[in-house]
Structures are given as C-alpha cells and as structure tokens.
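Take this structure, written in structure tokens, and hold onto it; I'll ask about it next.
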Amino acid sequence: MTQEEFFPETLEASAGKKIQFTVYYGNVAHTPVLGDLEYFINASVGVNEEGTIVFINKNTTDPITDAINFNPELTKDDIEVVDISNNQNKFFFPGFIDTHIHASQFPNNGIFGNSTLLDWLENYTFPLESSFKDLKAANDIYNKAINRTLINGTTTASYYATIHASGSKLLADIALKKGQRALVGKVCMNQNSPDHYIETFDESKESTHEVIDHLNRRDPSHELLMPIITPRFAGSCTEKLLKWLGDFRAEHDYHCQTHLAENKKEVEWTKELFPDFNNYTDIYAKTNLLGPKTILAHCIHLSEEEKDLISEYGSGVSHCPASNSSITSGEARIRWLLNSGINVALGSDCSGGFEPSILSVAKHALLVSRHLVMKSEDDDEKLSVNDVLYLATMGGAKVLRLDDKIGSFAVGKKWDAQLIDLSCEGSPVDTFEFQEPVWGGEDLKLSKRKYQDLIDKWLFNGDDRNVRSVFVNGRRVLSKN
C-alpha cells in the first residue's frame, strides 16, 4: 500500500462530531480524591451535544424531566436515555487513563524470555519496532492495539510509537478515527541503538516536526489528539538531542514522556554516559525536559534528591507495576512519591507489561505495595482499592494536566466513561443477591459497605468482559450490548 492510502485527505474526526443530548441514568461511581470512593445511586447525568457533563442529579426518578428542567427547549425526542437503573451490579465509572504504553510493542505482550530491561530491548523490542517502516504491518498492529485498549475501558492513552514519522502519523489517525483520546509520540533515539533502528540528530528533529504538524492538522483544537515529545530515555539520546527536545517542549508547552530509573543497571550505565550531571533525573532537568506536563515512567530507583527534583518541577510519574515485576525491574515506592506531592498515575507499559488492562495494572499496584510492606513493615506504604482506582483515573488526569476535563464526573468535564456490568453473561465476577445493597431497605451503613465490596470484587476478579460500553467525549466508541 502507498502512504497516500493510509493518509486520506479527510478523516471522520471524532472530536468535532455532534452527538444527541444524552442522560445516563443509574448508579455512578468514581474516585475524585485519593482513597475515597464516591457513588451516586439512581443518578441522572446530563451530557450535551459537545460531550460535556451539564448536570448531575442524585437519587432521581425521571431522567427525561431532569433534562427538560435543565433546558426547557429540549423535547423528549431530543433526548437519549441510557438507563441501567434496574441492576445494582451495573455502574458507570470514569474511563481508564493509560499514561505509559508502547503501541508498537503490542505483538510482544507476554513475551519476556528470562530477560531484564537492557537485554529485553535488544532481543525483543528493537527488532519489532524497526519493522514499522512497513506501513501495512504498522496499520495491523496499531489497529489491534487501540481496539484492545478500548475493550479494556481505556479512554485516554499516552502512546509511544517508533522512530518512523509515517507510522507515528498513522497511529494518531487510527486513534482519532476510533474516537480514543490519545497523546502520540514519535520516539527519538540517536545513540546506543542498533544499526537497523537508529536516527541522526537531524532526522529526529525533522521527523518530530513532521509528526507534530500532522497531529495539529488532524485535530487543531487538541480535543482528542495531543502531541507529546518522546525521547526514549537518556541513554538512547545525545545531550544535544535531549536539549533540543527540551527546548522545543518548553517553547510550545507540549507534553513530554520518557523513562526514568527503571532498572539498576540502566541507572549505572546512564551515570557513566552523562558524568557531568548529578544524577539521572538531573539530566532531564538540565536539558529542559522536566515540566508540569512531563510523564516519567517507572521511577523505581530514585534518590531523595531526585524525588525532590521531580516534585520541584511538578512532573508526574507513571507507575507500571506489572511491567516492573515481569522484567524484574523493582518495586516503586508509590506512597513515598504521593506523600511528596508528586502526581502518580498508572501505565500498562505494554509490552513490558503483559496486557493492556489498566484494571489489571491497578490490581498489581495494590499487590506490589503490600510486597513493600512485607519488607518495610510500614503499613502506611499500602495502597487501597480506592487508591489504585484513583491512580487509574483521576491520578492519570492530574499527571496529564487534564484533570479539568477528565478523570472524574463533574459538571464541566467530558463524559469519558465505561459502563461496567458485574453480572453480564460470562462475567468472571460472581455476585450473589445477599451481597447487593438494598438502598432504603436496610441499614445505610450496610448498603455502603456492600457497594464498596462490589467495587473490590470488580478490581480483583473483573476483566474486559465486564466492560459493556465505552464513551469518549460523549460519544459511544465501543458497545458490546
């Protein structure tokens, strides 16, 4: 296929498509604050034609009347109602936010050998990514990767592509066409890389411009598509390239993503490569790559000084516990970071992580925190179910600096949501009538405990089968019903 076939002149740009005024009616749950689960029983959530939440009414009985009371010019024919109020095992939850995923590595999910980071890159990752100069192969892989993330309830993803400009543009186009909110980064790497997968400084600079220009044309308002500066990690970039990328980031206030302190050998190797810097994090600071919209993946082996530097610049951390365990990188101290005022989110890190499910990653985040406690005997390091669901949603929004738009349900935010059904056909979650809350028919404290129990069961037992619909920007982008 020719490049022109992959980049038609016009795309069905989901960001600008109007929708019908919709009221979502039933149980609604979210974690707007770290550690707290908030839920509205029999709530109606009004979403306008731009996908923005315009009202939330709790304990209501008539969603149509709620909509007309909000806007008397609406008629019944103008209003769509998505009604799940007849089932206590169904609820709306904010869409998951994956702040660190390599879309190009999707075919390698679950393949590790006996690798650790550096040999895994050499033996598995770089050979696969270098093949993305073939747009036909890239098209197949990127379509499957985005489909799989949507099926798992991911409404926003920060994607690494490859060094290839054409393939990176293709990834952006596929995300836009499918309606997913996406940050797309062309990977930059001009040293310490295989001969078959490396670029020069000038090539990196030129292709970065090309990809960002493409994204800006496809979605000028950045409603769904956002460019993100993407140096792979310090060791794969010269100081000159890091500095150019950092200055370019700062000049345009772009997002930025990279890896930091993932593996002990990587940390030592990076210190040898950059002896004039105080530490690994200092490299990014002095090359202007740190900022409030910078995502630092992993951050396992940080010193106190580095942690404070990240906090000073307001950068966020993407916690990737499944990947960190799979390739034996280590256990990140998330409560230590949170207590320092650092925003933390979750990342699947496919294919270092073995599946593109943020629900699964959240479960691993909880378990890794308990492994830390087994060593430290400090219970304060534990993360709760509500903590990790916060990291999966609102935490991700804060790391991306999109918390005014997504991550929780509030008037003025976008309807980025997933419809969860714990009792759907084939559900891996077994629920029983005595476990369902009976609102108004039993002690309120008991009903609240039962509802928390259902959320806990979802985290530990649920999977993509429980995700029945996915909504982004008010549009239904996936439906299994």
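Quick one: grab the alpha carbon gyration tensor of the range 95-246, order the square roots of its eigenvalues as a ≥ b ≥ c, and give me rounded if a/c is under 1.5, else prolate or oblate depending on whether a/b is larger than b/c.
oblate
Starting from the amide H of Ile229, placed 1.01 Å from N in the peptide plane, find each other amide H under 5 Å away whose residue is 5 or more places distant or on another chain.
For Ile229, the qualifying residues are His255, Cys256, Gln257.
Right, next: Roughly what percent of Cα-Cα pairs across the chain reach past 27 Å?
Counting every Cα pair in the chain, those more than 27 Å apart make up 54 percent.
Could you let me know the centre-to-centre spacing of the range 128-144 and the range 272-339, using Cα atoms, in angstrom?
30 Å
Please report the net charge: other residues with Cβ closer than 15 Å to the Cβ of Glu266, K and R +1, D and E -1.
Computed value for this residue: -3.
Sort out for me the Cα centre separation of the range 195-240 from the range 87-113, rounded to whole Å.
About 24 Å separates the Cα centre of the range 195-240 from the one of the range 87-113.
If you don't mind, another one. Can you give the local net charge around Gly246? Use residues other than it whose beta-carbon is closer than 13 angstrom to its beta-carbon, Lys and Arg +1, Asp and Glu -1.
Every neighbour counted, the sum reads +1.
Among the lysines in the range 363-481, how many pairs, 8 or more places apart or on different chains, have alpha carbons under 13 Å apart?
4
Calculate one ³J(HN,Hα) per residue across the range 204-211 by plugging θ = phi - 60° into the Karplus curve 6.51 cos²θ - 1.76 cosθ + 1.60, and present them in order as whole Hz with x for glycine and proline.
Once θ is set to phi - 60°, the couplings for the range 204-211 become 5, 4, 5, 6, 4, 4, 4, 5 Hz.
Under Stokes-Einstein, with the Kirkwood radius over Cα pairs standing in for Rh, what whole-number D in µm²/s applies to the range 429-477 at 20 °C and 1.002 mPa s?
The calculation lands on 170 µm²/s.
Please turn the phi angles of the range 270-283 into ³J(HN,Hα) values with the Karplus equation 6.51 cos²θ - 1.76 cosθ + 1.60 (θ = phi - 60°), one per residue in order, whole Hz, x for glycine and proline.
Karplus-based 3J(HN,Hα) across the range 270-283 equals 5, 4, 5, 6, 10, x, 8, 10, 5, 6, 4, 5, 4, 4 Hz.
What percentage of the solvent-accessible surface of the chain, computed with a 1.4 Å probe over protein heavy atoms, is contributed by carbon and sulfur atoms?
Roughly 46 percent of what the probe reaches on the chain is carbon or sulfur.
Determine the equivalent ellipsoid of the range 33-186 by diagonalising the alpha-carbon gyration tensor, then write out the semi-axes as square roots of 5 times the eigenvalues, largest first, rounded to whole Å.
42, 19, 12
Right, here's the next one. Would you mind getting the accessible area per residue of the range 247-369, heavy atoms of the protein chains only, 1.4 Å probe, in Å²?
Result: 32 Å² per residue.
Quick check on the range 16-104: take the gyration tensor over C-alpha atoms, sort the square-rooted eigenvalues as a ≥ b ≥ c, and tell me if it's rounded (a/c under 1.5), prolate or oblate.
Judged from the Cα gyration tensor, the range 16-104 comes out oblate (a/c at least 1.5, b/c at or above a/b).
Oh, and also: Please work out whether the range 224-373 counts as rounded, prolate or oblate from its C-alpha gyration tensor, where a ≥ b ≥ c are the square roots of the eigenvalues and a/c under 1.5 means rounded, while otherwise a/b larger than b/c means prolate and anything else oblate?
Prolate, since a/c reaches 1.5 and a/b exceeds b/c.
Turning to a different aspect of this structure: Provide the net charge surrounding Thr156, with neighbours chosen by a C-beta distance below 13 Å and charges set as Lys +1, Arg +1, Asp -1, Glu -1.
+3
Still on this structure, I have one more. In the chain, what % of DSSP beta bridges are antiparallel (nearest 5)?
Approximately 45 percent, going by the DSSP bridge assignments.
Rounded to the nearest 10 degrees, what's the angle between the helix 165-178 long axis and the longest principal axis of the chain, both from Cα atoms, 0 to 90?
0 degrees
Now a separate question. For n ≥ 4 DSSP H runs only, could you compute -39500 (n - 2.57) per run for the chain, divide by its residues and tell me the 222 nm figure to the nearest 500?
-10500 deg cm²/dmol
Here's another thing I want to ask about it. Of the lysine pairs in the range 140-245, how many meet both conditions: Cα atoms under 24 Å apart, and a spacing of 8 or more in sequence or different chains?
16
Could you go through the range 245-256 in sequence order and give the Karplus-derived ³J(HN,Hα) for each residue, using 6.51 cos²θ - 1.76 cosθ + 1.60 with θ = phi - 60°, rounded to whole Hz, and x for Gly and Pro?
Once rounded to whole Hz, the list reads 5, x, 5, 5, 4, 5, 4, 10, 6, 7, 5, 9.
Residues with amide H under 5 Å of Ala297's amide H, sequence separation 5 or more or different chain, H placed in the peptide plane at 1.01 Å from N; which?
Here Thr258, His259, Leu260, Ser318 satisfy the definition.
Rounding to the nearest 10 and keeping the result within 0 to 90°, find how far the Cα-based axis of helix 358-376 lies from the longest principal axis of the chain.
70 degrees
Can you list residues whose amide H is under 5 Å from His102's amide H, if they're 5+ apart or on another chain and H is modeled 1.01 Å from N?
Tyr160, Asp349, Cys350, Ser351
Give me the angle, in degrees from 0 to 90, between the Cα long axis of helix 444-461 and the longest principal axis of the Cα atoms of the chain, rounded to the nearest 10.
Tilt of helix 444-461: around 40 degrees.
The values are calculated or read from the model by the stated rules, or taken from the named source; none is laboratory data. Note that the coordinates shown come from a computational prediction; the quantities given were computed from them, not determined experimentally. No Cβ is skipped: glycine too gets one built from the backbone with ideal geometry, and neighbour counts run over all protein chains shown. Please note that ligands, DNA and RNA were not included when accessible areas were found on the heavy atoms of the full protein model with its side chains. Shrake-Rupley method; radii C 1.70, N 1.55, O 1.52, S 1.80 Å.
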